[in-house]
Amino acid sequence: MQWKQGRKYITTVIFGFLSLFTVHAAFAAPGAITPPTRLPDYAQGKNWVRLPGKADKPVDVFFIYPTVIETSDPYRSPDDPEMRAEAAKLLADHGGIFKSANLYAPYYHQLSLETFRALNTEEKLEAGIIGIPFQDCRKAFEEYLARHNQGRPIIFAAHSQGTMVMKDLLLWIKDAHPEVLKRTVAAYLIGWAVNDNYLKRLGMPFASGRDDTGVIISWSTEAPDAALNPFTMGTVKGALVINPVSWKRDASYAPKEESLGSRMRPEDPPAGDRPHFADARNNLERGTVVTTAPVSSGTIWPHGVLHHFDYDLFYYDFQQNVSDRIAAWLRHHKP
């Protein structure tokens, strides 16, 4: 989960702070949060971070971005100029991963860190997500499906808070638009736990390789000596993981020489491409991907938790994988 504080970006643990740092504070109960009185009108292009003027590729991506700024309010409005600017910046940094598809990404109401701290069980967390950000993203998806998709196959992608919203959105799609799951190339649910219980509810399998389709893909990144990782070891237990370099499910090692490269953002200098930068090995017990890449978790996250770098470290591997899965889908679903 990422946000802007002053002139720096920092990434933080969401609800895991309480147990990890023994922070004792009174937070508002989720039931006390008043939902927005007005949802965005997604028929207006201004309410989309990305809305292609022309869909010229055979597959779409529907993307939900992570938390981009912090606020003392229960949630941040998509009308907020700072949030709009930071969401657009994040899409500028990560949108290239999906260059082989038409990219759609709505602005939406985001829960604040204070609210996440109160949602310290899986049940409370799901209720909080469904209560505010999910409502926006559901409405955005309905608009996208009615006016923009035109029956094309879809990739779903998200990170952090966006992944939590996307998990609920996919469950809603299963009931409301079951035909959509039948033309889902893949769902990249990065930076938050996906477990067997969720797969059973959704009725989709976890990926087993680099180009299977109709699958869920997930990982959360950490260093070898990482502390408790709240993104895979918090309220959701039994996280599943795939190695984003080798695209294997086992604990075999993928050296950095096998990686197609990383791309660092301006707030992580030196910015730009770093070829063969990140190695990767799955920790099956923790449900994480472990790397020895020389990046820092910073001082505000648990030691070694590299949540901020889930996309960045494996940028070009991720980009190629999107292309590979699209190619595989198109081979097996010819018009």
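The values are calculated or read from the model by the stated rules, or taken from the named source; none is laboratory data. Nothing here was measured: the structure is a model prediction, and the numbers come from that model. So basically every Cβ, Gly included, is an ideal-geometry build from the backbone, and we count neighbours across all protein chains shown. Keep in mind that these areas ignore ligands, DNA and RNA; they rest on the heavy atoms of the full protein, side chains included. Shrake-Rupley method; radii C 1.70, N 1.55, O 1.52, S 1.80 Å.
Quick notes
- Subset of region 262-281 (residues that are surrounded by fewer than 18 Cβ atoms within 10 Å (Cβ to Cβ) and modelled with pLDDT of 95 or more): ASP273, PRO275, HIS276
- Search result, residues across region 282-319 that are free of Cβ contacts under 8 Å to residues at least 24 places away in the same chain and either under 19 Å from the mean Cα position of the chain (by Cα) or crowded, with 24+ Cβ neighbours inside 10 Å (or both): none
Residue-wise test of (1) touching a strand residue (DSSP E or B) at 6+ places or on another chain (Cβ under 6 Å); (2) modelled with pLDDT of 50 or more; (3) of a type in the set (Asp, Glu); (4) under 22 Å from HIS307 (Cβ atoms).
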{"residue": "LYS8", "(1), (2), (3), (4)": "no, no, no, yes"}
{"residue": "VAL13", "(1), (2), (3), (4)": "no, no, no, yes"}
{"residue": "PHE21", "(1), (2), (3), (4)": "no, no, no, yes"}
{"residue": "LEU39", "(1), (2), (3), (4)": "no, yes, no, no"}
{"residue": "GLY45", "(1), (2), (3), (4)": "no, yes, no, no"}
{"residue": "VAL49", "(1), (2), (3), (4)": "yes, yes, no, yes"}
{"residue": "LYS54", "(1), (2), (3), (4)": "no, yes, no, no"}
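- SER100 being open to solvent by less than 40 Å² (accessible area, probe 1.4 Å) and within 16 Å of SER160 (Cα to Cα): no
- Where helices (runs of 4 or more DSSP H) fall wholly inside region 154-208, the ranges with 3 or more residues that are open to solvent by less than 10 Å² (accessible area, probe 1.4 Å) are 161-176.
- Among all residues of region 218-230, there is none that is touching a residue at least 24 places away in the same chain (Cβ under 8 Å), farther than 19 Å from GLU285 by Cα, in contact with a Ser or Thr (Cβ under 8 Å, 6 or more places away or on another chain) and among the aromatic types (Phe, Trp, Tyr).
- Subset of region 209-226 (residues that are among the charged types (D, E, K, R) and part of a loop (DSSP other than H, G, I, E, B)): ARG210, ASP211, ASP212, ASP225
- Top-ranked residue in region 36-54 [being assigned to a loop (DSSP other than H, G, I, E, B) and open to solvent by less than 40 Å² (accessible area, probe 1.4 Å); ranked as nearest to ILE97 (Cα to Cα)]: PRO52
- Number of residues in region 129-153 that are open to solvent by 30 Å² or more (accessible area, probe 1.4 Å), touching a residue at least 60 places away in the same chain (Cβ under 8 Å) and touching a Leu at 6+ places or on another chain (Cβ under 8 Å): the value is 3.
- Of the residues making up region 282-306, those that are farther than 17 Å from ASN243 by Cβ and out of contact with any Leu (no Cβ under 8 Å at 6 or more places or on another chain) number 9.
- Extreme residue, modelled with the highest pLDDT, among residues of region 298-335 that are under 16 Å from PRO58 (Cα atoms) and assigned to a loop (DSSP other than H, G, I, E, B): HIS333
- The set of residues in region 209-235 being open to solvent by 40 Å² or more (accessible area, probe 1.4 Å) and either among the aromatic types (Phe, Trp, Tyr) or touching a Lys or Arg at 6+ places or on another chain (Cβ under 7 Å) (or both) consists of ASP211, THR213, MET233.
- When THR71, THR67 are screened for being touching a strand residue (DSSP E or B) at 6+ places or on another chain (Cβ under 9 Å) and crowded, with 20+ Cβ neighbours inside 10 Å, only THR67 passes.
- Residue in region 244-261 that is within 18 Å of the chain's Cα centre (by Cα), in a helix (DSSP H, G or I) and crowded, with 17+ Cβ neighbours inside 10 Å present: no
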